[in-house]
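Report on the structure given below.
The values are calculated or read from the model by the stated rules, or taken from the named source; none is laboratory data. From a predicted model like this one, the values you see are computed outputs, not experimental measurements. As a convention, Cβ positions derive from the backbone with ideal geometry for all residues, glycine included, and neighbour counts pool all protein chains shown.
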Amino acid sequence: MITFHIKELLEKHKISRYKMRIYLDWNYKRVNDYYFGRAKDIKTSEIKQLCELFDCNVGDLFTYQK
């Protein structure tokens, strides 16, 4: 199971979902899929954008648990 940490990162950096949407140029559905952990397919370009937004590593965005 992959657990998303986008909600926590947004809170930590005091960024709203709206600002995330504007910065990344994503639609609301895509932002909410990441926010609520519902994203089914993840593009490497999106991971890069998220790492740049939060100034973090990939491991800070997601965790994998068996």
Selection within the range 40-66 - touching a residue at least 24 places away in the same chain (Cβ under 8 Å), closer than 18 Å to Glu11 by Cβ and either exposed (fewer than 10 other Cβ atoms within 10 Å of the Cβ) or of a type in the set (A, V, I, L, M) (or both): Leu50, Leu53, Leu61
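Restricting to the range 39-66, name every residue that is touching a Cys at 6+ places or on another chain (Cβ under 9 Å) and of a type in the set (Val, Ile, Thr).
Filtering the range 39-66 down to residues touching a Cys at 6+ places or on another chain (Cβ under 9 Å) leaves 50, 57-58, 60-61.
Within the range 39-66, Val58 is the sole residue that qualifies.
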Just need a number here: residues in the range 1-39 that are exposed (fewer than 14 other Cβ atoms within 10 Å of the Cβ), at pLDDT 95 or above and either of a type in the set (A, V, I, L, M) or assigned to a strand (DSSP E or B) (or both). 1
List the number of the failed condition for Ile42; all other conditions in (1) β-branched (Val, Ile, Thr); (2) part of a loop (DSSP other than H, G, I, E, B); (3) at pLDDT 95 or above hold. (3)
